[in-house]
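Here's the structure, in C-alpha coordinates; my notes come after.
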Amino acid sequence: MPKIPSTLGFDSTLALLVDGYEFIPKRCDRLQSDVFQTRFLLKETICFRGKEAAQVFYDTEKFSRKKAAPKHVKKTLLGEGGVQGLDGQKHRQRKEIFMLLMTPEHMEYLGDLTEQQWYEYARKWEQQEQVVLFHELEKLLCQAVCTWSGVPLPESEVVQRTQDMSAMIDGSGGVGLRNWQGVWARNRAEDWMKDVLTQIRNRQLEVPENTAAHTFAWHRDEQGNLMDLHAAAVDLLNVLRPTVAIARYITFAALALHQHPEYRSQLQSNEANYQELFTQEVRRFFPFFPFAAACVSHDFDWQGYHFPEGVRVLLDLYGTNRDPDLWENPETFFPERFVHWEENSFDFIPQGGGNYYTNHRCAGEWVTIRLVKRALNFLVNQLDYDIPSQNLNIDLSRIPAIPESRLIISNIRIK
(Lines give C-alpha, C1' and ligand atoms only; values in the text may rest on other atoms or scores of the structure.)
Protein backbone atom coordinates (compact mmCIF):
# COMPACT_ATOMS: atom_id res chain seq x y z
CA MET A 1 0.00 0.00 0.00
CA PRO A 2 1.50 3.39 -1.00
CA LYS A 3 2.35 5.93 1.69
CA ILE A 4 0.43 9.20 1.78
CA PRO A 5 2.64 11.99 0.34
CA SER A 6 4.21 14.19 3.03
CA THR A 7 5.21 17.83 3.30
CA LEU A 8 8.80 18.83 3.89
CA GLY A 9 9.86 19.77 7.40
CA PHE A 10 8.97 18.48 10.83
CA ASP A 11 5.95 20.72 11.53
CA SER A 12 3.78 22.98 9.33
CA THR A 13 2.17 25.22 11.94
CA LEU A 14 4.20 28.27 10.89
CA ALA A 15 3.55 27.56 7.21
CA LEU A 16 -0.20 27.44 7.88
CA LEU A 17 -0.02 30.87 9.54
CA VAL A 18 1.83 32.22 6.50
CA ASP A 19 -0.29 30.62 3.75
CA GLY A 20 -3.70 30.55 5.46
CA TYR A 21 -6.42 29.54 3.01
CA GLU A 22 -3.82 28.54 0.41
CA PHE A 23 -1.89 26.14 2.65
CA ILE A 24 -3.65 22.96 1.50
CA PRO A 25 -4.16 23.94 -2.19
CA LYS A 26 -0.50 24.92 -2.58
CA ARG A 27 0.77 21.65 -1.20
CA CYS A 28 -1.71 19.57 -3.15
CA ASP A 29 -0.47 21.26 -6.32
CA ARG A 30 3.19 20.93 -5.31
CA LEU A 31 2.86 17.24 -4.43
CA GLN A 32 0.50 16.59 -7.38
CA SER A 33 -1.83 14.85 -4.97
CA ASP A 34 -5.22 15.70 -3.49
CA VAL A 35 -4.15 14.14 -0.19
CA PHE A 36 -1.02 14.63 1.94
CA GLN A 37 0.10 14.32 5.53
CA THR A 38 1.82 16.86 7.75
CA ARG A 39 1.97 18.00 11.38
CA PHE A 40 0.28 20.91 13.13
CA LEU A 41 1.42 21.70 16.66
CA LEU A 42 3.35 18.41 16.44
CA LYS A 43 0.14 16.42 15.81
CA GLU A 44 -0.10 14.12 12.80
CA THR A 45 -2.66 15.51 10.35
CA ILE A 46 -3.93 14.36 6.96
CA CYS A 47 -5.18 17.06 4.56
CA PHE A 48 -7.25 16.46 1.45
CA ARG A 49 -9.53 18.21 -1.04
CA GLY A 50 -12.07 17.48 -3.75
CA LYS A 51 -15.45 15.87 -4.23
CA GLU A 52 -14.32 12.31 -3.40
CA ALA A 53 -12.54 13.59 -0.29
CA ALA A 54 -15.72 15.34 0.86
CA GLN A 55 -17.77 12.19 0.28
CA VAL A 56 -15.59 10.11 2.60
CA PHE A 57 -15.09 12.96 5.10
CA TYR A 58 -18.84 13.17 5.73
CA ASP A 59 -19.16 9.42 6.29
CA THR A 60 -20.23 9.38 9.94
CA GLU A 61 -18.99 5.81 10.35
CA LYS A 62 -15.43 6.77 9.47
CA PHE A 63 -15.03 10.17 11.14
CA SER A 64 -15.75 11.75 14.51
CA ARG A 65 -15.98 15.44 15.43
CA LYS A 66 -15.81 15.01 19.21
CA LYS A 67 -12.14 15.91 19.67
CA ALA A 68 -11.37 17.30 16.23
CA ALA A 69 -11.59 21.08 16.69
CA PRO A 70 -8.47 22.75 18.16
CA LYS A 71 -8.96 24.21 21.64
CA HIS A 72 -8.49 27.79 20.46
CA VAL A 73 -11.40 27.32 18.04
CA LYS A 74 -13.64 25.81 20.73
CA LYS A 75 -12.83 28.63 23.11
CA THR A 76 -13.73 31.30 20.53
CA LEU A 77 -15.85 30.26 17.56
CA LEU A 78 -17.65 27.06 18.53
CA GLY A 79 -17.84 26.93 22.30
CA GLU A 80 -17.43 23.77 24.37
CA GLY A 81 -20.34 21.36 24.61
CA GLY A 82 -22.09 22.60 21.47
CA VAL A 83 -23.59 20.67 18.59
CA GLN A 84 -20.39 20.81 16.48
CA GLY A 85 -18.56 18.54 18.91
CA LEU A 86 -21.17 15.77 19.03
CA ASP A 87 -21.42 12.55 17.05
CA GLY A 88 -24.00 9.89 16.29
CA GLN A 89 -27.44 9.95 17.86
CA LYS A 90 -26.57 12.82 20.21
CA HIS A 91 -25.56 14.97 17.26
CA ARG A 92 -28.66 14.09 15.24
CA GLN A 93 -30.96 14.90 18.14
CA ARG A 94 -29.27 18.26 18.82
CA LYS A 95 -29.04 19.13 15.13
CA GLU A 96 -32.77 18.52 14.75
CA ILE A 97 -33.42 21.44 17.12
CA PHE A 98 -31.62 23.77 14.71
CA MET A 99 -33.30 22.34 11.64
CA LEU A 100 -36.77 22.83 13.15
CA LEU A 101 -36.00 26.56 13.19
CA MET A 102 -35.24 26.51 9.46
CA THR A 103 -38.76 26.37 8.04
CA PRO A 104 -39.30 28.54 4.93
CA GLU A 105 -41.77 30.77 6.82
CA HIS A 106 -39.43 31.25 9.76
CA MET A 107 -36.43 32.02 7.54
CA GLU A 108 -38.54 34.46 5.52
CA TYR A 109 -39.43 36.25 8.75
CA LEU A 110 -35.72 36.64 9.52
CA GLY A 111 -35.28 38.05 6.01
CA ASP A 112 -38.06 40.57 6.67
CA LEU A 113 -36.52 41.63 9.98
CA THR A 114 -33.13 42.03 8.31
CA GLU A 115 -34.60 44.14 5.51
CA GLN A 116 -36.25 46.40 8.09
CA GLN A 117 -32.83 46.90 9.67
CA TRP A 118 -31.34 47.71 6.26
CA TYR A 119 -33.78 50.62 5.90
CA GLU A 120 -33.22 51.85 9.46
CA TYR A 121 -29.45 51.75 9.08
CA ALA A 122 -29.55 53.33 5.61
CA ARG A 123 -31.45 56.31 7.01
CA LYS A 124 -28.63 56.79 9.52
CA TRP A 125 -26.01 56.36 6.81
CA GLU A 126 -27.56 59.18 4.78
CA GLN A 127 -26.55 61.55 7.59
CA GLN A 128 -22.93 60.37 7.64
CA GLU A 129 -20.05 61.20 5.32
CA GLN A 130 -19.08 57.54 5.06
CA VAL A 131 -19.51 54.22 6.86
CA VAL A 132 -17.54 50.98 7.13
CA LEU A 133 -20.04 48.59 5.61
CA PHE A 134 -18.73 45.40 7.24
CA HIS A 135 -19.02 46.77 10.78
CA GLU A 136 -22.47 48.21 10.08
CA LEU A 137 -23.63 44.88 8.68
CA GLU A 138 -22.53 43.04 11.80
CA LYS A 139 -24.65 45.35 13.99
CA LEU A 140 -27.58 45.18 11.58
CA LEU A 141 -27.55 41.39 11.55
CA CYS A 142 -27.04 41.13 15.31
CA GLN A 143 -30.17 43.19 15.96
CA ALA A 144 -32.22 41.25 13.43
CA VAL A 145 -31.22 37.78 14.64
CA CYS A 146 -31.71 38.67 18.31
CA THR A 147 -35.27 39.78 17.56
CA TRP A 148 -35.85 36.63 15.50
CA SER A 149 -34.40 34.42 18.24
CA GLY A 150 -36.33 35.99 21.11
CA VAL A 151 -33.18 37.38 22.75
CA PRO A 152 -33.67 40.87 24.24
CA LEU A 153 -31.11 43.37 22.94
CA PRO A 154 -31.47 46.92 24.30
CA GLU A 155 -30.16 49.66 22.03
CA SER A 156 -27.50 50.49 24.62
CA GLU A 157 -26.03 46.97 24.31
CA VAL A 158 -25.99 46.62 20.51
CA VAL A 159 -22.38 47.71 20.03
CA GLN A 160 -20.94 45.55 22.84
CA ARG A 161 -22.91 42.43 21.94
CA THR A 162 -22.03 42.81 18.26
CA GLN A 163 -18.36 43.33 19.06
CA ASP A 164 -18.38 40.14 21.14
CA MET A 165 -19.95 38.14 18.31
CA SER A 166 -17.42 39.60 15.90
CA ALA A 167 -14.48 38.87 18.21
CA MET A 168 -15.51 35.22 18.59
CA ILE A 169 -15.47 34.84 14.82
CA ASP A 170 -12.32 36.86 14.27
CA GLY A 171 -10.40 35.32 17.15
CA SER A 172 -10.86 31.76 15.95
CA GLY A 173 -8.22 32.14 13.26
CA GLY A 174 -5.85 34.43 15.15
CA VAL A 175 -3.03 34.06 17.65
CA GLY A 176 -2.03 36.19 20.60
CA LEU A 177 -4.24 39.16 21.42
CA ARG A 178 -6.80 38.50 18.66
CA ASN A 179 -7.40 35.00 19.99
CA TRP A 180 -7.61 36.13 23.61
CA GLN A 181 -10.10 38.83 22.67
CA GLY A 182 -12.23 36.06 21.16
CA VAL A 183 -11.97 33.99 24.35
CA TRP A 184 -13.01 36.93 26.55
CA ALA A 185 -15.85 37.76 24.17
CA ARG A 186 -17.15 34.17 24.29
CA ASN A 187 -17.10 34.15 28.09
CA ARG A 188 -19.17 37.35 28.18
CA ALA A 189 -21.56 36.09 25.50
CA GLU A 190 -22.12 32.73 27.19
CA ASP A 191 -22.86 34.50 30.50
CA TRP A 192 -25.36 36.67 28.63
CA MET A 193 -27.07 33.65 27.07
CA LYS A 194 -27.19 31.79 30.41
CA ASP A 195 -28.85 34.82 31.99
CA VAL A 196 -31.45 35.00 29.19
CA LEU A 197 -32.20 31.27 29.41
CA THR A 198 -32.42 31.37 33.21
CA GLN A 199 -34.88 34.25 33.05
CA ILE A 200 -37.01 32.28 30.58
CA ARG A 201 -36.96 29.16 32.76
CA ASN A 202 -37.85 31.23 35.84
CA ARG A 203 -40.79 32.81 33.96
CA GLN A 204 -39.18 36.23 34.34
CA LEU A 205 -38.93 36.63 30.56
CA GLU A 206 -41.63 35.61 28.12
CA VAL A 207 -40.56 34.86 24.54
CA PRO A 208 -42.53 33.48 21.57
CA GLU A 209 -42.68 29.70 21.37
CA ASN A 210 -41.25 29.44 17.86
CA THR A 211 -38.03 31.27 18.73
CA ALA A 212 -34.58 29.79 19.33
CA ALA A 213 -34.46 31.18 22.88
CA HIS A 214 -37.70 29.44 23.83
CA THR A 215 -36.67 26.23 22.07
CA PHE A 216 -33.31 25.89 23.82
CA ALA A 217 -34.67 27.04 27.18
CA TRP A 218 -37.35 24.34 27.28
CA HIS A 219 -35.84 21.49 25.25
CA ARG A 220 -35.88 18.19 27.15
CA ASP A 221 -33.95 15.01 26.49
CA GLU A 222 -35.43 11.51 26.22
CA GLN A 223 -35.42 11.23 30.01
CA GLY A 224 -37.42 14.45 30.32
CA ASN A 225 -34.54 16.53 31.68
CA LEU A 226 -34.04 20.13 30.62
CA MET A 227 -31.01 20.71 28.43
CA ASP A 228 -27.85 21.55 30.38
CA LEU A 229 -27.73 25.33 30.83
CA HIS A 230 -24.19 25.70 29.47
CA ALA A 231 -24.91 23.56 26.40
CA ALA A 232 -28.14 25.47 25.78
CA ALA A 233 -26.26 28.79 26.01
CA VAL A 234 -23.57 27.59 23.60
CA ASP A 235 -26.11 26.41 21.04
CA LEU A 236 -28.26 29.53 21.34
CA LEU A 237 -25.07 31.43 20.48
CA ASN A 238 -24.70 29.00 17.59
CA VAL A 239 -27.81 30.63 16.14
CA LEU A 240 -26.76 34.23 16.78
CA ARG A 241 -23.03 34.14 15.98
CA PRO A 242 -23.26 32.44 12.54
CA THR A 243 -25.92 34.94 11.47
CA VAL A 244 -23.60 37.82 12.38
CA ALA A 245 -20.89 36.02 10.39
CA ILE A 246 -23.01 36.44 7.24
CA ALA A 247 -21.75 40.05 7.27
CA ARG A 248 -18.60 38.67 5.63
CA TYR A 249 -20.50 37.15 2.73
CA ILE A 250 -22.55 40.33 2.23
CA THR A 251 -19.36 42.41 2.27
CA PHE A 252 -17.85 40.08 -0.33
CA ALA A 253 -21.06 40.38 -2.39
CA ALA A 254 -20.81 44.19 -2.29
CA LEU A 255 -17.14 43.92 -3.26
CA ALA A 256 -17.99 41.62 -6.19
CA LEU A 257 -20.66 44.08 -7.31
CA HIS A 258 -18.05 46.86 -7.22
CA GLN A 259 -15.47 44.80 -9.12
CA HIS A 260 -18.00 43.48 -11.67
CA PRO A 261 -20.47 46.30 -12.42
CA GLU A 262 -21.42 44.50 -15.64
CA TYR A 263 -23.72 42.29 -13.54
CA ARG A 264 -25.66 45.16 -11.96
CA SER A 265 -28.49 45.31 -14.50
CA GLN A 266 -29.07 41.55 -14.28
CA LEU A 267 -29.15 41.77 -10.50
CA GLN A 268 -31.61 44.66 -10.64
CA SER A 269 -34.08 42.79 -12.82
CA ASN A 270 -33.29 39.43 -11.19
CA GLU A 271 -34.24 37.78 -14.44
CA ALA A 272 -33.67 34.01 -14.39
CA ASN A 273 -33.12 34.27 -10.61
CA TYR A 274 -29.79 36.01 -11.19
CA GLN A 275 -29.44 37.13 -7.57
CA GLU A 276 -29.27 33.44 -6.60
CA LEU A 277 -26.56 32.73 -9.20
CA PHE A 278 -24.53 35.72 -8.02
CA THR A 279 -24.91 34.72 -4.37
CA GLN A 280 -23.72 31.19 -5.03
CA GLU A 281 -20.69 32.44 -6.95
CA VAL A 282 -19.83 34.80 -4.06
CA ARG A 283 -19.93 31.80 -1.73
CA ARG A 284 -17.74 29.75 -4.07
CA PHE A 285 -15.22 32.42 -5.00
CA PHE A 286 -14.51 34.28 -1.75
CA PRO A 287 -12.84 32.83 1.38
CA PHE A 288 -15.09 31.93 4.31
CA PHE A 289 -14.07 28.82 6.30
CA PRO A 290 -10.70 27.44 5.09
CA PHE A 291 -11.23 23.82 6.15
CA ALA A 292 -13.22 21.47 8.37
CA ALA A 293 -11.68 19.11 10.93
CA ALA A 294 -12.50 15.56 12.02
CA CYS A 295 -10.75 12.55 13.56
CA VAL A 296 -10.62 9.05 12.11
CA SER A 297 -12.99 6.83 14.12
CA HIS A 298 -11.37 3.55 13.12
CA ASP A 299 -8.72 2.36 10.65
CA PHE A 300 -9.84 2.37 7.02
CA ASP A 301 -8.34 2.53 3.54
CA TRP A 302 -9.32 5.09 0.89
CA GLN A 303 -8.01 5.34 -2.68
CA GLY A 304 -5.13 3.06 -1.77
CA TYR A 305 -4.09 5.07 1.31
CA HIS A 306 -4.38 4.05 4.95
CA PHE A 307 -6.14 6.33 7.45
CA PRO A 308 -5.24 5.20 11.00
CA GLU A 309 -7.62 5.58 13.94
CA GLY A 310 -7.30 8.84 15.90
CA VAL A 311 -5.54 10.85 13.21
CA ARG A 312 -6.89 14.35 12.62
CA VAL A 313 -8.04 15.08 9.07
CA LEU A 314 -8.67 18.46 7.44
CA LEU A 315 -11.01 18.77 4.46
CA ASP A 316 -10.08 21.76 2.29
CA LEU A 317 -13.33 23.72 1.83
CA TYR A 318 -11.73 26.72 0.12
CA GLY A 319 -9.64 24.56 -2.21
CA THR A 320 -12.53 22.25 -3.12
CA ASN A 321 -14.63 25.25 -4.13
CA ARG A 322 -11.78 26.29 -6.44
CA ASP A 323 -10.67 22.83 -7.52
CA PRO A 324 -9.84 22.97 -11.26
CA ASP A 325 -11.00 19.36 -11.59
CA LEU A 326 -14.48 20.46 -10.51
CA TRP A 327 -14.78 24.04 -11.74
CA GLU A 328 -13.87 25.51 -15.12
CA ASN A 329 -11.67 28.60 -14.75
CA PRO A 330 -12.09 28.54 -10.94
CA GLU A 331 -10.14 31.78 -10.41
CA THR A 332 -12.67 33.72 -12.51
CA PHE A 333 -15.80 35.21 -10.93
CA PHE A 334 -18.57 33.92 -13.17
CA PRO A 335 -22.12 33.55 -11.74
CA GLU A 336 -23.45 31.84 -14.89
CA ARG A 337 -21.52 28.69 -13.97
CA PHE A 338 -24.39 27.89 -11.61
CA VAL A 339 -27.04 27.91 -14.36
CA HIS A 340 -26.29 24.31 -15.26
CA TRP A 341 -24.72 23.22 -11.98
CA GLU A 342 -26.13 19.89 -10.84
CA GLU A 343 -26.55 20.43 -7.13
CA ASN A 344 -24.92 17.89 -4.84
CA SER A 345 -23.52 17.85 -1.33
CA PHE A 346 -19.83 17.38 -2.01
CA ASP A 347 -18.35 19.58 -4.77
CA PHE A 348 -19.64 22.95 -3.48
CA ILE A 349 -19.01 23.11 0.26
CA PRO A 350 -18.46 26.68 1.52
CA GLN A 351 -20.35 25.86 4.73
CA GLY A 352 -19.67 22.15 4.86
CA GLY A 353 -21.05 19.18 2.95
CA GLY A 354 -23.17 16.11 3.35
CA ASN A 355 -26.66 15.91 4.77
CA TYR A 356 -27.99 18.79 6.89
CA TYR A 357 -29.62 16.49 9.44
CA THR A 358 -27.00 13.78 9.86
CA ASN A 359 -23.73 15.57 9.01
CA HIS A 360 -21.98 18.64 10.35
CA ARG A 361 -23.17 20.85 7.52
CA CYS A 362 -24.09 24.37 8.64
CA ALA A 363 -27.76 24.46 9.62
CA GLY A 364 -27.88 28.13 8.64
CA GLU A 365 -26.72 27.72 5.04
CA TRP A 366 -30.23 28.37 3.69
CA VAL A 367 -30.41 31.49 5.88
CA THR A 368 -27.08 32.67 4.46
CA ILE A 369 -28.33 32.39 0.88
CA ARG A 370 -31.58 34.21 1.68
CA LEU A 371 -29.90 37.08 3.53
CA VAL A 372 -27.20 37.61 0.88
CA LYS A 373 -29.89 37.72 -1.82
CA ARG A 374 -31.90 40.23 0.23
CA ALA A 375 -28.76 42.31 0.68
CA LEU A 376 -27.96 42.27 -3.03
CA ASN A 377 -31.49 43.36 -3.88
CA PHE A 378 -31.24 46.25 -1.43
CA LEU A 379 -27.81 47.33 -2.70
CA VAL A 380 -28.85 47.40 -6.36
CA ASN A 381 -32.50 48.47 -6.13
CA GLN A 382 -32.90 50.49 -2.94
CA LEU A 383 -29.58 52.24 -2.35
CA ASP A 384 -27.21 54.56 -4.17
CA TYR A 385 -23.69 54.96 -2.82
CA ASP A 386 -20.08 55.54 -3.83
CA ILE A 387 -17.03 53.47 -3.01
CA PRO A 388 -14.08 55.82 -2.40
CA SER A 389 -10.48 54.86 -3.00
CA GLN A 390 -9.36 52.36 -0.32
CA ASN A 391 -7.44 49.13 0.25
CA LEU A 392 -9.77 46.34 -0.86
CA ASN A 393 -7.11 43.62 -0.91
CA ILE A 394 -7.98 40.32 0.75
CA ASP A 395 -5.08 38.80 2.68
CA LEU A 396 -5.48 35.03 2.38
CA SER A 397 -3.01 34.46 5.20
CA ARG A 398 -5.55 36.02 7.57
CA ILE A 399 -8.23 33.65 8.85
CA PRO A 400 -11.06 34.61 8.66
CA ALA A 401 -10.44 36.82 5.63
CA ILE A 402 -12.04 40.19 4.93
CA PRO A 403 -11.09 43.18 2.69
CA GLU A 404 -8.43 45.27 4.42
CA SER A 405 -10.63 48.38 4.56
CA ARG A 406 -13.75 46.39 5.54
CA LEU A 407 -15.36 48.17 2.55
CA ILE A 408 -16.05 51.85 3.07
CA ILE A 409 -19.05 53.40 1.29
CA SER A 410 -19.91 57.09 1.06
CA ASN A 411 -22.48 59.55 -0.34
CA ILE A 412 -25.27 57.14 0.64
CA ARG A 413 -28.82 57.79 -0.58
CA ILE A 414 -31.96 55.70 -0.31
CA LYS A 415 -33.65 55.56 -3.70
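With the condition kept exactly as written, say whether any residue in segment 306-322 is touching a residue at least 40 places away in the same chain (Cβ under 8 Å), touching a Lys or Arg at 6+ places or on another chain (Cβ under 8 Å), more than 30 Å from L42 (Cβ to Cβ) and not β-branched (V, I, T). No, segment 306-322 contains no residue that is touching a residue at least 40 places away in the same chain (Cβ under 8 Å), touching a Lys or Arg at 6+ places or on another chain (Cβ under 8 Å), more than 30 Å from L42 (Cβ to Cβ) and not β-branched (V, I, T). Name the single residue, out of those in segment 202-218 being in contact (Cβ under 8 Å) with a residue 40 or more places away in the chain and in a helix (DSSP H, G or I), that is surrounded by the most Cβ atoms within 10 Å (Cβ to Cβ). Taking the candidates together, the pick is F216. The C-beta contact set for segment 71-96 (first residue more than 18 Å from G171 (Cβ to Cβ), second residue part of a helix (DSSP H, G or I) and of a type in the set (V, I, T), distance under 7 angstrom, 6+ apart or interchain) comprises G81/V234; H91/V83; R94/V83; K95/V83. Here are R322, R337: which of them is over 26 Å from P70 (Cβ atoms), out of contact with any helix residue (DSSP H, G or I) (no Cβ under 6 Å at 6 or more places or on another chain) and modelled with pLDDT of 95 or more? Testing whether each residue is over 26 Å from P70 (Cβ atoms), out of contact with any helix residue (DSSP H, G or I) (no Cβ under 6 Å at 6 or more places or on another chain) and modelled with pLDDT of 95 or more leaves just R337.
Within segment 338-373, the set of residues being of a type in the set (D, E, K, R) and either closer than 14 Å to G50 by Cα or touching a Phe, Trp or Tyr at 6+ places or on another chain (Cβ under 7 Å) (or both) comprises just one member, D347. Against the conditions (1) farther than 23 Å from Q275 by Cα; (2) over 19 Å from the mean Cα position of the chain (by Cα); (3) not in a loop (DSSP other than H, G, I, E, B), R337 satisfies every one except (1).
Here is a check on your reading of the model: is F216 of a type in the set (F, W, Y) and within 24 Å of D34 (Cα to Cα)? No. When the residues of segment 32-50 are filtered to those that are touching a Leu at 6+ places or on another chain (Cβ under 8 Å) and not polar (S, T, N, Q), the one that is surrounded by the most Cβ atoms within 10 Å (Cβ to Cβ) is R49. Within the option set E309, E276, E262, E281, being assigned to a loop (DSSP other than H, G, I, E, B) and at pLDDT 95 or above holds for one residue only, E309.
Only residues that are over 18 Å from K139 (Cβ atoms) and surrounded by 15 or more Cβ atoms within 10 Å (Cβ to Cβ) were counted in segment 370-393, giving 8. Residues that are touching a residue at least 24 places away in the same chain (Cβ under 8 Å), under 22 Å from the mean Cα position of the chain (by Cα) and within 26 Å of T103 (Cβ to Cβ) do not occur anywhere in segment 173-188. Filtering segment 384-411 to residues that are within 21 Å of G171 (Cβ to Cβ) and among the β-branched types (V, I, T) leaves I394, I399, I402.
Of all residues in segment 7-21, count the ones that are in contact with a helix residue (DSSP H, G or I) (Cβ under 8 Å, 6 or more places away or on another chain) and either surrounded by fewer than 14 Cβ atoms within 10 Å (Cβ to Cβ) or in contact (Cβ under 8 Å) with a residue 12 or more places away in the chain (or both). The total comes to 6. Checking the structure you have, find out if any residue of segment 86-95 is under 25 Å from L41 (Cα atoms) and either surrounded by 17 or more Cβ atoms within 10 Å (Cβ to Cβ) or not hydrophobic (A, V, I, L, M, F, W, C) (or both). Yes: one or more hits.
Going through (1) in contact with a Leu (Cβ under 7 Å, 6 or more places away or on another chain); (2) part of a loop (DSSP other than H, G, I, E, B) one by one, A53 falls short only on (2).
Are any residues in segment 326-358 of a type in the set (S, T, N, Q), under 20 Å from P287 (Cβ atoms) and crowded, with 17+ Cβ neighbours inside 10 Å, and if so, which ones?
Within segment 326-358, Q351 is the sole residue that qualifies.
Across segment 82-124, the qualifying residues are those that are outside any helix (DSSP H, G or I) and hydrophobic (A, V, I, L, M, F, W, C), and the one among them that is nearest to I250 (Cα to Cα) is M102. Being aromatic (F, W, Y), assigned to a loop (DSSP other than H, G, I, E, B), closer than 29 Å to D235 by Cα and within 17 Å of the chain's Cα centre (by Cα) is a property that holds for Y356. The number of residues in segment 219-236 being under 13 Å from R94 (Cβ atoms) and either under 25 Å from the mean Cα position of the chain (by Cα) or in a loop (DSSP other than H, G, I, E, B) (or both) comes to 10.
What about S172, is it among the hydroxyl-bearing types (S, T, Y), closer than 16 Å to K74 by Cα and surrounded by 19 or more Cβ atoms within 10 Å (Cβ to Cβ)?
Yes; evaluated as a whole, the condition is true for this residue.
Restricting attention to segment 128-187, the residues that are of a type in the set (A, V, I, L, M), over 22 Å from L255 (Cα atoms), touching a Ser or Thr at 6+ places or on another chain (Cβ under 9 Å) and outside any helix (DSSP H, G or I) add up to 2.
The values are calculated or read from the model by the stated rules, or taken from the named source; none is laboratory data. This is a predicted model, so every value here is computed, not measured. Here the Cβ is made from the backbone with ideal geometry for all residues, glycine too, and neighbour counts use every protein chain on show.
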